[in-house]
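One structure is given below, encoded as structure tokens.
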Amino acid sequence: MGWIESNPAIGFLAFVAVYVVCTVLFIPASILTVGAGFVFTCIFGISLGVLLGTITVFVSASIGAVVAFLLGRYLLRDWVISLARKYIIFEALDACLEEKGFRIMMLLRLSPIIPFNVIDYLASITAVSFKDYALAMVGILPGVVLYVFLGASAGSLVEGTGSKNMTVTIIVIVVGVIFGIIAIAVTSYYAKKELNRMVASRNSPTVAVEEGESRNKNSTTIHSLPQDLIEQDHSFLQQQNYHQEAREAEDNNSYDSNSDGDSYEA
């Protein structure tokens, strides 16, 4: 920590490099996030430590996510496609990512449905634009702040050992952690709920079209029935008129024949 305090710029770059490598190689970086909060708090105090730790982790995670995204899109596409088969929800959302890329990526970042490192690669084979993907990285901030604060809390406890305000410090830390966890849980719940709604609505247009086509078919049948009946009735009337005319003609012929016979006899 003394070296980082003496060389903050080099320490920052070293942390970023390690974090990027962990992100690309699927190594969970949560320990590094907590560690950033701990180290920066021990050096600069809890307030500045949380701020600097959050900025450092956010920049590092964003760079690592961009690198993973580019690798998946241009170099490791076949491998990522095989990986995507394990996450059905991402396949279901793929059709929506082109139009609502930023919104869906934000929800995925806020919700722990899919691990952070996995999202980086899976997004690379979808229709989401690089711009929407990069901007949606702000969705990781709530989680980053919570993990950094946990590390900062540990650092604050170490630094405050033996002080008179130790009890107050512990109370503040516990309350902060509890509210942070609740906030993350609520955010994740609503993000997951919104994602599930999108997945459900993805199939609803097809159902609506099928129902509409069914209604149109039924409507066509119903409207065509009277016309069919009219045509049948018309044909029946024509046949009846024809038979009636034929009987009248036959009766007239019979009447003429009888008249001729009576004249002959007279």
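The values are calculated or read from the model by the stated rules, or taken from the named source; none is laboratory data. These numbers were taken from a predicted model, which means no experiment stands behind them. Methodologically, a virtual Cβ is constructed for each residue, glycine included, from the backbone with ideal geometry; neighbour enumeration extends over all protein chains shown. Surface accessibility is based on the protein's heavy atoms, side chains included, excluding ligands, DNA and RNA. Shrake-Rupley method; radii C 1.70, N 1.55, O 1.52, S 1.80 Å.
By a 1.4 Å probe calculation restricted to protein chains, TYR147 has an accessible surface near 100 Å², given to the nearest 10. The GluC sites (Glu not before Pro) found in region 47-111 that occupy coil by DSSP, while having at most 13 further C-beta atoms within 10 Å, are GLU98, GLU99.
Scalar couplings 3J(HN,Hα) for region 182-189, obtained by applying the Karplus form with A = 6.51, B = -1.76, C = 1.60 to θ = phi - 60°, are 4, 4, 5, 5, 5, 4, 5, 4 Hz; x denotes Gly and Pro. Loop-located trypsin sites (Lys or Arg not before Pro) in region 62-134 (DSSP state other than H, G, I, E, B) with a sparse environment of at most 10 neighbouring Cβ atoms within 10 Å: ARG85. Put simply, region 1-118 fits an ellipsoid with semi-axes of 32, 16, 11 Å; these come from the alpha carbon gyration tensor as the roots of five times its eigenvalues, largest first.
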